[in-house]
Amino acid sequence: MQASGYDPMAPKHDSDPGYIVAWRHKRRFEAGKLEGEMTYGEARRKAEELRAQEPEKTFWAEKRL
């Protein structure tokens, strides 16, 4: 477990706070994080929407540490 108390192996719940949407380009060496903190469920849904809009990138919900 990391010093922050966050356990990446623990089950995630849609109501868990403190998540952002991160991304990387599939072919270029580009990556980033979107501004705005949200719950895990909100970040997961936003990542799914962005995947559909921008198929050349990979998006996922990530805990802001």
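The values are calculated or read from the model by the stated rules, or taken from the named source; none is laboratory data. On a predicted model such as this, the values are computed, not experimentally measured, just so you know. Glycine gets a Cβ as well: all are built from the backbone with ideal geometry, and neighbour counts include every protein chain shown. In case anyone asks, the SASA skips ligands and DNA or RNA and just uses the protein heavy atoms, side chains included. Shrake-Rupley method; radii C 1.70, N 1.55, O 1.52, S 1.80 Å.
The set of residues in region 21-44 that are in contact with a strand residue (DSSP E or B) (Cβ under 9 Å, 6 or more places away or on another chain), on the phi < 0 side of the Ramachandran plot, outside any strand (DSSP E or B) and of a type outside the set (S, T, N, Q) comprises Lys26, Glu30, Leu34, Glu35, Glu37, Tyr40, Gly41, Glu42, Ala43, Arg44. Which residues, taken from region 27-65, are aliphatic (A, V, I, L, M) and under 23 Å from Asp7 (Cβ atoms)? Hits for region 27-65 are Met38, Ala43, Ala47, Ala61, Leu65. The single condition from (1) in a strand (DSSP E or B); (2) of a type in the set (A, V, I, L, M); (3) open to solvent by 70 Å² or more (accessible area, probe 1.4 Å) that Met9 fails is (1).
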